[in-house]
Amino acid sequence: MSSHQPPLTQTHYQLTPTVSLQLLLPEAAPPLAAQLIMMEPWQSLEFTLPQLIKYLTRADPCLHRFQCCYQQQNAGIIAVREPWLRGVFLELLAVFTSQQRQGIGEHIMRWLIQETTLCSNNLWTTVSDFNTSAQHFYARHEFTPIGRIPDLIQVGHEEILLRRRLN
């Protein structure tokens, strides 16, 4: 990140020779949402395709949405809200099942931490109580649980609020 430019304002980020992020354009949302709907936690939380498309396309000046690419193929989505509670909130990070175990999530998380450290004290996210693989991923990246929020997205499930201190 340049000291002259606020975070998350570019339309393209080249994270590695094979991993990049591109601003998510509305026309790209439906096929990406169709892949998300088949994955956890969205399946268990009973999200619908129209709900996910609306989330990925609605106007929101504080929400920065990017399409993740691996070797120039769609690999996932990241959505980051800035500002949020004296920090930045990672609302969505998904690497599609067919692209997992390639280090894509690791590259994205390193980029996000680097991109937001200069402007923020905290990086926040939530994870569903049943999503143990995501919980382990965030723990590896030094996120700590702050609290549990019952019934936030669906009755009977808790979301765990996580924070990583940046400074």
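Consider residue 129 against the criteria (1) out of contact with any Asp or Glu (no Cβ under 6 Å at 6 or more places or on another chain); (2) touching a residue at least 24 places away in the same chain (Cβ under 8 Å): it satisfies all of them except one. Which criterion is unmet?
(1)
Over 12 Å from the mean Cα position of the chain (by Cα), at pLDDT 95 or above and not acidic (Asp, Glu), is that true of residue 69? Break it down into steps so the answer makes sense when it comes.
Numbers: over 12 Å from the mean Cα position of the chain (by Cα): yes; at pLDDT 95 or above: yes; not acidic (Asp, Glu): yes.
Taking the combined requirement at face value, the residue satisfies it.
Residue check: is residue 34 assigned to a loop (DSSP other than H, G, I, E, B), over 27 Å from residue 146 (Cβ atoms), of a type in the set (A, V, I, L, M, F, W, C) and at pLDDT 95 or above?
no
State yes or no: is residue 116 farther than 25 Å from residue 71 by Cβ, touching a residue at least 24 places away in the same chain (Cβ under 8 Å) and assigned to a helix (DSSP H, G or I)?
Yes: the conditions hold for residue 116.
Go over the candidates 90, 45, 8 one by one and state the one that is within 25 Å of residue 154 (Cβ to Cβ) and either touching a residue at least 60 places away in the same chain (Cβ under 8 Å) or part of a helix (DSSP H, G or I) (or both).
Result: 45 is the single residue among 90, 45, 8 that is within 25 Å of residue 154 (Cβ to Cβ) and either touching a residue at least 60 places away in the same chain (Cβ under 8 Å) or part of a helix (DSSP H, G or I) (or both).
Determine the pairs where a residue that is among the polar types (S, T, N, Q), located within the range 139-167, has a partner that is part of a loop (DSSP other than H, G, I, E, B) with Cβ atoms under 7 Å apart, the partner being 6 or more residues away or on another chain.
Hits for this filter: 154/45; 154/46; 167/121.
Which of (1) within 22 Å of residue 137 (Cα to Cα); (2) within 16 Å of the chain's Cα centre (by Cα) is the odd one out, the single condition residue 60 does not satisfy?
The failed condition is (1).
Being of a type in the set (D, E, K, R), under 25 Å from residue 157 (Cα atoms) and outside any strand (DSSP E or B), is that true of even one residue in the range 51-69?
yes
Given 115, 158, which one is more than 18 Å from residue 13 (Cβ to Cβ) and either surrounded by 15 or more Cβ atoms within 10 Å (Cβ to Cβ) or modelled with pLDDT of 95 or more (or both)? Let's see the steps before the verdict.
Numbers: 115 fails: more than 18 Å from residue 13 (Cβ to Cβ).
So the residue among 115, 158 that is more than 18 Å from residue 13 (Cβ to Cβ) and either surrounded by 15 or more Cβ atoms within 10 Å (Cβ to Cβ) or modelled with pLDDT of 95 or more (or both) is 158.
Take the conditions among the small types (Gly, Ala, Ser) and within 29 Å of residue 151 (Cα to Cα) and apply them to residue 59. Does it pass?
Taking the combined requirement at face value, the residue satisfies it.
Out of 108, 77, I need the residue that is under 22 Å from residue 27 (Cα atoms), crowded, with 16+ Cβ neighbours inside 10 Å and touching a residue at least 40 places away in the same chain (Cβ under 8 Å). Which one?
77
Given the condition loosely packed, with under 14 Cβ neighbours inside 10 Å and either at pLDDT 95 or above or under 19 Å from residue 104 (Cα atoms) (or both), answer yes or no: does some residue in the range 59-66 qualify?
Here is the first cut: in the range 59-66, the residues loosely packed, with under 14 Cβ neighbours inside 10 Å are 59-62.
With the extra rule that they be either at pLDDT 95 or above or under 19 Å from residue 104 (Cα atoms) (or both), the set shrinks to 59-60.
Looking for residues that are loosely packed, with under 14 Cβ neighbours inside 10 Å and either at pLDDT 95 or above or under 19 Å from residue 104 (Cα atoms) (or both), one finds at least one in the range 59-66, hence yes.
The values are calculated or read from the model by the stated rules, or taken from the named source; none is laboratory data. If you're wondering where the values come from, they're calculated on a predicted model, not measured in any experiment. Note that each Cβ is placed from the backbone with ideal geometry, even for glycine, and that neighbours are counted across all protein chains shown.
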